[in-house]
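The values are calculated or read from the model by the stated rules, or taken from the named source; none is laboratory data. Source: prediction; values computed, not measured. Ideal geometry is used to build each Cβ from the backbone, glycine not excepted, and the neighbour counts take in all protein chains shown. Heavy atoms of the whole protein, side chains included, go into the accessibility calculation; ligands, DNA and RNA do not. Shrake-Rupley method; radii C 1.70, N 1.55, O 1.52, S 1.80 Å.
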Amino acid sequence: AKGGDTCEYLLSSGRFLGEKVWQPHSCMMHKYKNSEAKNCLVDKHIVFIGDSRIRQLFYSFIKLINPQVKEEGNKHGNIPFEDKAASIKVDFLWYPEVNGSMRQRIKSWTEGSVAKPHIVVAGAATWSIKIHNGSNEALTQYKINITSIAPLLEKLAKSSDVYWVLQDPVYEDLLSESRKMITNEKIDAYNEAAVRILNSSSRNSKAKVKLFSVSKLIAQETIMKSADGLHLPESSRDTNAMILMNVYCNKIMKPIDGSCCQPLPPLTLIQKLAFCFFTLSIIGYLIISLIHRNNFRKNKSCTDLESGEEKKPAISTPSVSTLEMLLHSFCKLGLIMTYFYLCDRANLFMKENKFYTHSSFFIPIIYVLVLGVFFTENSKETKVLNREQTDEWKGWMQLVILIYHISGASTFMPVYMHIRVLVAAYLFQTGYGHFSYFWIKGDFGVYRVCQVLFRLNFLVIVLCIVMDRPYQFYYFVPLVTVWFMIIYATLAVWPQIVQKKANGNCLWHLGLLLKLICLLTCIYFLSYSQGAFEKIFSFWPLSKCFELNGNVYEWWFRWKLDRYVVFHGMLFAFIYLALQKRQMITEGKGDPLFSSRVSNILLVISVVAFLTYSIWASSCKNKTECNELHPSVSVVQILAFILIRNIPGYVRSVYSSFFAWFGKISLELFICQYHIWLAADTKGILVLIPGYPMFNILVSTFIFVCVAHEISQITNDLAQVVIPKDNSTLLKRLLCTAGFFSGLLLFSAVQDQSRH
């Protein structure tokens with residue numbers, strides 16, 4: 001669906017999602033706020049010309065600019081509206097019939113000296129039917145009049161946006177006696193005449209009067225709710241006004257979630273360079289593969305003529321060089337990134353708005369949970385939060401988050417609050433996992449840091465380049481990256497306290513607790529000092545990473561929302577490992593974690609705490625207030641879950657291999673969903689197969705999961721090559737990386753200059 005086509009679709013086709021949400025065919029409609037409408041229409045003059053139905057549309061349109069407007073004034077006369085602050089003029093001109101006087105008014109705008117309106121919305125017919133009692137002569141006259149007006153509208157369309165509104169059907173049972181002659185049969189005849197005449201006149205010229213026929217479809221669904229059978233109910237005319245706003249404003253305002261009528265964004269310099277790089281990688285890989293294949297054929301076993309036996313070659317398989325492995329990875333990545341670009345930047349595939357219903361969220365959740373339980377296996381180890389268990393945890397959380405995103409469930413507060421806990425649980429695992437590693441291994445080398453940073457950030461950096469998005473846009477990765485660096489700094493800074501050292505002397509435990517208290521103090525200070533936080537992250541080049549829409553507020557909000565949970569994860573790891581070292585917990589297969597009595601008491605407390613949190617989250621009414629409390633209380637449900645999952649020996653000894661598989665690629669799933677499962681940067685849904693929603697979801701999900709798995713493989717392969725264990729080689733690579741990012745910053749600055 002190309003940009004131009006989506007305009008056609010927006011004006012002519014669509015369907016209702018639920019009762020009030022209109023979904024244009026193939027594209028997404030943005031819901032304009034008053035401020036956005038004013039910014040778009042600043043210094044514009046808009047004219048609505050026609051009968052009482054056009055007057056209704058006029059009122060709905062000006063309410064998008066100023067919701068306080070009252071529908072008063074002469075019903076059968078002109079109505080002016082002006083917003084002086086934004087210098088917007090919107091006029092309604094009362095011309096209930098397509099006749100000489102309407103022609104005269106339109107002609108006056110086509111003559112040289114007169115200021116032309118920027119937008120003209122016209123339409124009329126029901127008065128002609130009513131006054132002439134539905135006679136055929138009136139229809140003939142209507143055709144003659146519209147034929148004489150059509151060339152003038154075409155001439156006006158060369159400099160202005162001109163829309164001809166087709167007539168909505170009526171609900172004949174509700175019509176008053178004086179309007180009984182207005183039948184749907186008559187309306188269809190008038191519409192047919194208008195479409196035929198306006199389309200034939202526009203065939204010869206480039207300018208085109210746009211036919212606003214979508215109103216008919218909306219009216220077919222809603223006219224029975226009309227007060228008089230003739231005029232549309234308010235919600236329907238508001239939808240028409242919003243469609244009109246999208247048709248005109250999307251190309252000016254370029255909202256992310258308004259894909260209708262948006263032209264293709266031009267390729268940036270960085271995108272062009274990325275395209276060249278991936279193209280060269282694909283060509284390079286093909287050349288090397290061909291050379292290898294030819295060499296392999298030459299080495300292939302050839303028959304010894306004297307003995308009639310086959311001699312085996314020295315090498316039976318071609319050895320894979322580092323260069324070939326690199327080119328192979330970049331070749332696959334190039335093809336995947338092409339798919340990303342086509343899905344979410346090229347207007348090739350359709351996009352639709354999300355629409356939340358309870359069934360669209362809860363039915364897939366139940367289905368996925370049943371599947372997960374079905375794939376239960378015995379785990380290799382039975383320690384608390386062992387690798388298989390954390391993979392399982394990440395897996396089911398990621399699947400729930402994906403269903404939450406595609407169903408648009410963020411509008412339902414209880415679900416929103418529980419999803420916030422799942423995001424917090426990811427960060428809790430970050431604190432737990434990295435703290436455990438540094439504490440047990442004591443490995444603070446650069447190699448470990450580079451490996452973690454590469455695995456976390458590789459995909460996001462590639463997407464920032466290919467999709468032309470800022471780093472902060474993929475907010476979860478900056479969040480995990482910064483917290484990893486904070487954990488590293490806390491433990492690596494002098495004095496380095498690790499388990500080996502602390503076992504000899506208990507005072508070291510105290511020293512580590514002091515470090516954790518210092519960390520907590522810093523977090524507390526930054527969370528209540530927005531100014532200090534923004535100053536730190538507004539320094540160049542940090543600002544390049546953490547700014548979104550020109551400021552770091554979004555980053556501050558995201559960081560603040562889960563500010564304590566990483567600390568809680570570190571503290572939990574410290575306490576758990578201390579208890580484990582002192583053998584105060586039993587982690588044998590099938591054994592409860594503590595003595596039977598203690599285990600039972602803790603289990604009851606955990607279940608009560610878990611349910612209490614859920615009840616509180618479900619009763620939340622105000623998102624802002626609940627977000628304020630969330631950082632302090634989310635740990636309650638996380639700890640309750642860990643204890644419920646680990647205290648009973650049997651539960652700790654099994655895991656779901658289905659969830660664990662998804663857990664291994666959870667980061668890739670989280671990032672890839674932005675562009676190849678959802679669309680318009682998560683604001684909508686990608687439509688690969690229009691008209692079949694269930695089949696579309698199955699196909700797009702299958703491709704999405706395969707791509708995420710492949711990217712996970714590519715990242716692991718590249719991490720082995722790009723980050724060597726040898727320190728001197730690693731230092732050279734780091735210098736090259738610094739050069740790469742300096743180049744990126746330079747090109748980015750050039751891009752920004754050219755944009756401004």
Checked 557, 567, 539 against criteria (under 35 Å from the mean Cα position of the chain (by Cα), surrounded by fewer than 16 Cβ atoms within 10 Å (Cβ to Cβ) and under 25 Å from residue 629 (Cβ atoms)); the one match is 557
Helices (runs of 4 or more DSSP H) lying entirely in the range 110-222 (those with 1 or more residues that are closer than 15 Å to residue 53 by Cα and out of contact with any strand residue (DSSP E or B) (no Cβ under 8 Å at 6 or more places or on another chain)): 126-131, 184-202, 214-222
In the set 633, 608, which member is more than 24 Å from residue 505 (Cα to Cα), open to solvent by 40 Å² or more (accessible area, probe 1.4 Å), outside the structural domain of residue 419 (by the TED database) and in a helix (DSSP H, G or I)? 633
Go over the candidates 227, 241 one by one and state the one that is open to solvent by less than 10 Å² (accessible area, probe 1.4 Å) and either more than 30 Å from the chain's Cα centre (by Cα) or of a type in the set (A, V, I, L, M, F, W, C) (or both). 241
Check off (1) farther than 30 Å from residue 752 by Cβ; (2) outside any helix (DSSP H, G or I) for residue 598 and give me the number that stays unchecked. (2)
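Mind telling me which of the residues 698, 731 ends up being assigned to a helix (DSSP H, G or I), over 30 Å from residue 21 (Cα atoms) and either out of contact with any helix residue (DSSP H, G or I) (no Cβ under 6 Å at 6 or more places or on another chain) or touching a residue at least 24 places away in the same chain (Cβ under 8 Å) (or both)?
731
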Those residues of the range 640-655 which are under 12 Å from residue 593 (Cα atoms) and either without any contact (Cβ under 8 Å) to a residue 60 or more places away in the chain or open to solvent by less than 40 Å² (accessible area, probe 1.4 Å) (or both) amount to 642, 643, 644, 645, 646, 647, 648, 649, 651, 652, 653
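Conditions tested, residue by residue: (1) open to solvent by 40 Å² or more (accessible area, probe 1.4 Å); (2) among the charged types (D, E, K, R); (3) over 16 Å from residue 245 (Cα atoms); (4) in the same structural domain as residue 234 (by the TED database).
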residue: 10; (1), (2), (3), (4): no, no, no, yes
residue: 29; (1), (2), (3), (4): no, no, no, yes
residue: 72; (1), (2), (3), (4): yes, yes, yes, yes
residue: 79; (1), (2), (3), (4): no, no, yes, yes
residue: 85; (1), (2), (3), (4): yes, no, yes, yes
residue: 100; (1), (2), (3), (4): yes, no, yes, yes
How many residues does the range 492-512 contain that are closer than 26 Å to residue 563 by Cβ, of a type in the set (A, V, I, L, M) and open to solvent by 60 Å² or more (accessible area, probe 1.4 Å)? 2
Listed residues 47, 90, 21; which is open to solvent by 30 Å² or more (accessible area, probe 1.4 Å) and either in contact (Cβ under 8 Å) with a residue 24 or more places away in the chain or closer than 16 Å to residue 218 by Cα (or both)? 21
Given the options 251, 272, name the one that is more than 30 Å from residue 746 (Cβ to Cβ) and surrounded by fewer than 17 Cβ atoms within 10 Å (Cβ to Cβ). 251
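Among the residues of the range 703-710, is there at least one that is open to solvent by 10 Å² or more (accessible area, probe 1.4 Å) and of a type in the set (D, E, K, R)?
yes
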